[in-house]
1. Going residue by residue through the range 61-68, is there one that turns out to be within 20 Å of residue 120 (Cβ to Cβ) and not in a helix (DSSP H, G or I)?
2. Residues being under 28 Å from residue 46 (Cα atoms) and modelled with pLDDT under 85: count how many of those fall in the range 142-178.
3. Go through (1) free of Cβ contacts under 8 Å to residues at least 40 places away in the same chain; (2) buried (at least 18 other Cβ atoms within 10 Å of the Cβ) for residue 44 and report which single condition fails.
4. Going residue by residue through the range 88-109, is there one that turns out to be of a type in the set (D, E, K, R), farther than 20 Å from residue 21 by Cα and not in a loop (DSSP other than H, G, I, E, B)?
5. Can you go through 122, 131, 105 and tell me which one is surrounded by 13 or more Cβ atoms within 10 Å (Cβ to Cβ), in contact (Cβ under 8 Å) with a residue 24 or more places away in the chain and touching a Pro at 6+ places or on another chain (Cβ under 6 Å)?
6. Applying the selection to the range 1-41, what residues are more than 18 Å from residue 190 (Cα to Cα), open to solvent by 40 Å² or more (accessible area, probe 1.4 Å) and in contact with a Gly (Cβ under 9 Å, 6 or more places away or on another chain)?
7. From the set of residues in the range 44-60 that are hydroxyl-bearing (Ser, Thr, Tyr) and in a helix (DSSP H, G or I), which is nearest to residue 28 (Cα to Cα)?
Amino acid sequence: ILYPFQRDLVRWAARKGRAAIFADTGLGKTLMQIEWARLTGRRTLILAPLVVSYQTARLAEEKLGVLVTVCKSQSDVRDGINITNYERLHLFEPQGFGAVVLDESSILKSHDGKTRQKIIESAQGIPYRLSCTATPSPNDFEELGNQCEFLGVMSRTEMLATYFVNDTGDTGTWRLKGWGASKFWEWMGTWSVVLRNPSDIGFD
């Protein structure tokens, strides 16, 4: 049922094991993350905003014939794909999962937030990780750093130190080092894909 561009993204993310799909609204991130979770063959936990859980479970069954269990705590978890909202993460045991998906992973934007830190710490022992959100701001480098830290690619601090300098005129503002203007985006392309339209990656 997936469109060709969606199939390619799911295959790519499944091969990577830990990847980010930053796809604009309406490009089918929910279907892609469900299929990715199915392909891992692992017990999966999808973390989503509160209103999204039941919609995702319904869409998975209607469109893909895949059962997604809506959970309030660890006691509700079943083999296969499970979903809960971010506010309930503390009621789950991350070590019991082989895969985790962040639906609307822009929640990681709050780089000082307790929720952000809890999500990143909880994911560290989980081998398969997928981050899905609409295209993040290309100039919000700290958000991109949080995404790569969740995936275990590199810590946010390490990313900033490698590719950026702190703007002395505006403390807390980061700008790419001269040589990093192209290298940073090439590195981003090793673990994430960003698209606003399927034609961005060669499709209709």
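The values are calculated or read from the model by the stated rules, or taken from the named source; none is laboratory data. Not measured: the values here are computed from a predicted model. All Cβ positions, glycine included, derive from the backbone under ideal geometry; neighbour counts span all protein chains shown. Surface areas here come from the heavy atoms of the whole protein model, side chains and all, with no ligands, DNA or RNA. Shrake-Rupley method; radii C 1.70, N 1.55, O 1.52, S 1.80 Å.
1. So far as the range 61-68 goes, no, none of its residues is within 20 Å of residue 120 (Cβ to Cβ) and not in a helix (DSSP H, G or I).
2. Total satisfying the criteria: 2.
3. In the conditions (1) free of Cβ contacts under 8 Å to residues at least 40 places away in the same chain; (2) buried (at least 18 other Cβ atoms within 10 Å of the Cβ), residue 44 misses (1) alone.
4. yes
5. Of 122, 131, 105, the one residue that is surrounded by 13 or more Cβ atoms within 10 Å (Cβ to Cβ), in contact (Cβ under 8 Å) with a residue 24 or more places away in the chain and touching a Pro at 6+ places or on another chain (Cβ under 6 Å) is 122.
6. 3, 38, 41
7. Checking each candidate, the answer is 56.
Residue by residue, here is whether (1) at pLDDT 95 or above; (2) of a type in the set (Phe, Trp, Tyr); (3) touching a helix residue (DSSP H, G or I) at 6+ places or on another chain (Cβ under 6 Å); (4) open to solvent by 20 Å² or more (accessible area, probe 1.4 Å) holds:
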residue: 61; (1), (2), (3), (4): yes, no, no, yes
residue: 68; (1), (2), (3), (4): yes, no, yes, no
residue: 73; (1), (2), (3), (4): yes, no, yes, yes
residue: 77; (1), (2), (3), (4): yes, no, no, no
residue: 80; (1), (2), (3), (4): yes, no, no, yes
residue: 84; (1), (2), (3), (4): yes, no, no, no
residue: 92; (1), (2), (3), (4): yes, yes, yes, no
